[in-house]
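Here's the structure we're looking at; comments come further down.
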Amino acid sequence: MPHPARLLLPALLAALAPAAFAAPASVDPRIEQLLAELGKVRQIDAVQLSPDGSQLAWVVRTEGKDGVEVAKADGSDVRRLGDNKPGSCSSSDIAWAPDSHHLAFVSDCASGGKQKDLVVADVPAKTAPKRLAELPGMADGLAWSPDGKSLGFLYVPNGTRRASAVYAAKPAAGEIGVDGLEVQRVATVDATGGAVHLLTDGQTYAYEFSWSPDGKRIAYVGAPPPGDNNWWLAKLYVQNAQVGAKAIQVLDPSASKGSLHGLQIALPRWSPDGQRIAFIGGLMSDQGATGGDLYTVSSNGGEPANLTPGLKVTPAWFAWTGPQQLLVAQVSNGQSQVAEYGVSGDKASATRTLFTLPANIGDGSAEMALSLSADHRSVAFVQSSYAAAPEVHAGALGENAPAAVTSLNASLKPGWGKAESVEWDNEGRHVQGWLLYPANYDAKKSYPMIVTVHGGPSSAVLPRWPSVGFGGVPFSTLGYFVFMPNPRGSYGQGEAYVQANRKDFGHGDLRDILAGIDTIEKKLPVDDKRLGLTGWSYGGFMSMFIPTQTQRFRAVVAGAGIANWQSYYGQNLIDQWMLPFFGASVYDDPDVYAKSSAINYIKQVKAPTLVVVGDRDAECPAPQSFEYWHALRAQGVPTSLVVYPNEGHHFVDPDHQRDVLQRALMWFEKYLPAKG
């Protein structure tokens, strides 16, 4: 029989949720101005270079709606496709055909926002886009077959939500894990239009796929549904690109005998001869946040080969650029790096580093991903940093990173202080992080510092321009140092570093962070009596756990955190991620979960704490935030809990994005004022 408290919790969530809309009674004018400036950035959600390298397409947000624009490769002659009234409808997910004339994308413009269609535009002809198929569901990952005769994509027929655990979970009703199950499959549509063909079966949730060089087969990463939970168990499959074709399991990481055993796989890419499939394998926190070593496996199956054991960087994306050559985008010591790798047998090594940037790069839809011309001589990507807002960069692929070819955000200037990479050693490991100085910094003054812990933990802080929403950069504008460390568990120092906090959450990584704080305090006027702490997801967990281990932090904002790993195991909808990190289930090894649970040390917490969470968060459920908030209240610690309605792990409502940042800024202003 359910515990009465569990029956009351949904009602309590519903009752509290509307409070998230209530704006704070009084807002500092500086915060209002900061939020207004952050809201001016135009997000670039995708960029694609045509195969012949002559044209660009990108997706840019205008008035809350995405639209497709095309231009010459140098950024000139920009025009919009399929949308004469920016902000009235949405178009996204672009893919150039092999002929470099036709651009496919998903759009609801023809129906006035009611129905998504798969459309294709003849860009040189400048004719209206043609509908290929109606898409009653969720579609993304468009990819043309090599011969250009069909278009493949990931598709959730009649899907009701974005296919990712970070988006709002369905309200719990019916038989959980059975009723309303949505399965993402690999689908195709003929280039001339017609019906949607489902290639993969309904018993496998497909996460990523790629075409073989001859277009006759597909490789995909898949697992039994529900897809949100089972990505950490995903296997690699190959099948003919036909409806009803039998899938052949090529790789099961859980059965691997080598370094891949029990880890995750992503980005399957066929070798030019179609004989093997390369991929990235490693300890990953979320599907889409890719990082690890480079592996290959025969397209007929077998034991995978780790091409890059002992690598001291973290590959996040790659492409075959020759029979024995890869282009790799990787995280290196907190920076984005692009390098060429030579492949010899079952080994690969960097032969040339092309460029390293103190910036975040990607194709807009994925971190670190690049768009290449067919001859691999030209490249395009979206780039942003602490110094420059997002723009499309494109040009020759070489030792100099290409310059921006758009000026979508050229008028924006940073309102925060300068950025600096900080490096230190701790317990035999090299550690790196990013430090923002306070705006209008005066070396003669003493300043408070806010430590922002990133999510993941398999992730990394890379310099990027902030938007309205939760993040550390805006605190610099109000006069704080902002320290954003990449402790053990992060990308950028190699796979051994990523795995260094397995079964040790909150302990070794905390020691890395404290050592970083000490390094900064030795050379800069940071007041150790005025340290703040914040983070989201894994950073939210750390923001709950760290105050139970040290009293150095005087104010805290915990976003989508985890207070009790033992209760969390039974509450979240993605429990499969925990076994690779904890080594066993909570039922088999409760002690490893207990030692990292903040609730077990809750009497040590003294710092005033703001707790924020979405009420439909599948990754870090709201009950975890309730449990922590309740415990703090019981101890007499100043605290506040704000629950945002209809939000998942990533907030999507602009009002909520603005509100959560505003509340965080005001919390630190109240309990850790910059002027003190």
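If I filter region 155-168 for residues that are at pLDDT 90 or above, part of a loop (DSSP other than H, G, I, E, B) and closer than 24 Å to Asp363 by Cα, do I get at least one hit?
no
Going through region 587-615 one residue at a time, which ones are of a type in the set (Asp, Glu) and part of a helix (DSSP H, G or I)? Give the steps one after another, and end with the answer.
In the first step, residues of region 587-615 are kept if they are of a type in the set (Asp, Glu); the result is 588-589, 591, 615.
Passing the criteria: only Asp591.
From the list Gly561, Gly532, Gly540, which one is in a helix (DSSP H, G or I), closer than 22 Å to Asp659 by Cβ and touching a residue at least 40 places away in the same chain (Cβ under 8 Å)? Write out each step before concluding.
Details: Gly561 fails: in a helix (DSSP H, G or I); Gly532 fails: in a helix (DSSP H, G or I).
Matching residue, one of Gly561, Gly532, Gly540: Gly540.
Note down all Cβ pairs under 6 Å where the first residue falls in region 507-523 and is touching a residue at least 12 places away in the same chain (Cβ under 8 Å), the second is of a type in the set (Lys, Arg), and they're at least six residues apart or on different chains.
Gly508/Arg488; Asp509/Arg488; Asp512/Arg488
Can you find a residue in region 601-612 that is in contact with a helix residue (DSSP H, G or I) (Cβ under 9 Å, 6 or more places away or on another chain), under 23 Å from Lys529 (Cβ atoms) and of a type in the set (Phe, Trp, Tyr)?
yes
Return the residues of region 318-337 that are of a type in the set (A, V, I, L, M) and either touching a residue at least 40 places away in the same chain (Cβ under 8 Å) or surrounded by fewer than 17 Cβ atoms within 10 Å (Cβ to Cβ) (or both); say none if nothing qualifies. Step through it out loud before you land on a result.
Keep residues of region 318-337 that are of a type in the set (A, V, I, L, M), which gives 319, 326-329, 331.
Scanning region 318-337 gives Ala319, Leu326, Leu327, Ala329, Val331.
Under 9 Å by Cβ, and 6 or more places apart or on different chains, what pairs join a residue from region 355-366 that is over 12 Å from Ala316 (Cβ atoms) with one that is among the aromatic types (Phe, Trp, Tyr) and outside any strand (DSSP E or B)?
What qualifies is Pro358/Tyr386; Ala359/Tyr386.
Among (1) closer than 30 Å to Gln330 by Cα; (2) at pLDDT 95 or above, which single condition is Val556 missing?
(1)
Just need a number here: residues in region 167-196 that are surrounded by 19 or more Cβ atoms within 10 Å (Cβ to Cβ) and in contact with a strand residue (DSSP E or B) (Cβ under 9 Å, 6 or more places away or on another chain).
11
Would you check if Glu420 is farther than 24 Å from Ser476 by Cβ, acidic (Asp, Glu) and in contact (Cβ under 8 Å) with a residue 12 or more places away in the chain? Before you say what the answer is, go through the steps one by one.
Working: farther than 24 Å from Ser476 by Cβ: no; acidic (Asp, Glu): yes; in contact (Cβ under 8 Å) with a residue 12 or more places away in the chain: yes.
Considered against the rule, which asks whether it is farther than 24 Å from Ser476 by Cβ, acidic (Asp, Glu) and in contact (Cβ under 8 Å) with a residue 12 or more places away in the chain, Glu420 comes out as no.
Got at least one residue in region 342-357 being of a type outside the set (Lys, Arg) and in contact with a Lys or Arg (Cβ under 8 Å, 6 or more places away or on another chain)?
Just the residues of region 342-357 that are of a type outside the set (Lys, Arg), to begin with: 342-346, 348-351, 353-357.
In the following step, the residues that additionally are in contact with a Lys or Arg (Cβ under 8 Å, 6 or more places away or on another chain) were identified as none.
Looking for residues that are of a type outside the set (Lys, Arg) and in contact with a Lys or Arg (Cβ under 8 Å, 6 or more places away or on another chain), one finds none in region 342-357, hence no.
Cβ-Cβ distance below 8 Å, separation of 6 or more or different chains: which pairs start in region 157-186 with a residue that is within 14 Å of Asp140 (Cα to Cα) and in contact (Cβ under 8 Å) with a residue 60 or more places away in the chain and end on one that is of a type outside the set (Gly, Ala, Ser) and part of a loop (DSSP other than H, G, I, E, B)?
Ala163/Glu182; Ala163/Gln184; Ser164/Gln287
Examine region 270-291 for a residue that is part of a strand (DSSP E or B) and of a type in the set (S, T, N, Q), and state whether such a residue exists. Even if it seems obvious, please write down each step before you answer.
Step one: filter region 270-291 for residues part of a strand (DSSP E or B), giving 270, 276-282.
Now narrow it down to the ones that are of a type in the set (S, T, N, Q): none.
The answer is no; no qualifying residue exists.
Name, by its number, the condition in (1) of a type in the set (A, V, I, L, M, F, W, C); (2) out of contact with any Leu (no Cβ under 8 Å at 6 or more places or on another chain); (3) free of Cβ contacts under 8 Å to residues at least 24 places away in the same chain that does not hold for Trp629.
(2)
Just checking, which of Ala560, Ala555, Ala515 is in contact with a Leu (Cβ under 8 Å, 6 or more places away or on another chain) and not hydroxyl-bearing (Ser, Thr, Tyr)? Even if it seems obvious, please write down each step before you answer.
Values: Ala560 fails: in contact with a Leu (Cβ under 8 Å, 6 or more places away or on another chain); Ala515 fails: in contact with a Leu (Cβ under 8 Å, 6 or more places away or on another chain).
On inspection, the qualifying residue turns out to be Ala555.
Can you tell me which of Pro654, Pro645 is touching an Asp or Glu at 6+ places or on another chain (Cβ under 6 Å) and either closer than 30 Å to Lys40 by Cα or surrounded by fewer than 18 Cβ atoms within 10 Å (Cβ to Cβ) (or both)? Don't jump to the end; show me each part of the working.
On the way: Pro654 fails: touching an Asp or Glu at 6+ places or on another chain (Cβ under 6 Å).
Testing whether each residue is touching an Asp or Glu at 6+ places or on another chain (Cβ under 6 Å) and either closer than 30 Å to Lys40 by Cα or surrounded by fewer than 18 Cβ atoms within 10 Å (Cβ to Cβ) (or both) leaves just Pro645.
Go through the residues of region 471-486 one by one and say whether even a single one is farther than 17 Å from Ala555 by Cα and not in a helix (DSSP H, G or I).
Checked region 471-486: at least one residue is farther than 17 Å from Ala555 by Cα and not in a helix (DSSP H, G or I).
Please go through region 386-404 and pick out each residue that is part of a loop (DSSP other than H, G, I, E, B) and more than 25 Å from the chain's Cα centre (by Cα). Before the answer, list the steps.
Applying the first criterion (part of a loop (DSSP other than H, G, I, E, B)) to region 386-404 yields 386-390, 397-403.
Across region 386-404, the qualifying residues are Leu397, Gly398, Glu399, Asn400.
The values are calculated or read from the model by the stated rules, or taken from the named source; none is laboratory data. All values derive from a computational prediction rather than experimental measurement. Using ideal geometry, Cβ is built from the backbone for each residue, glycine included, and neighbour counts are taken over all protein chains shown.
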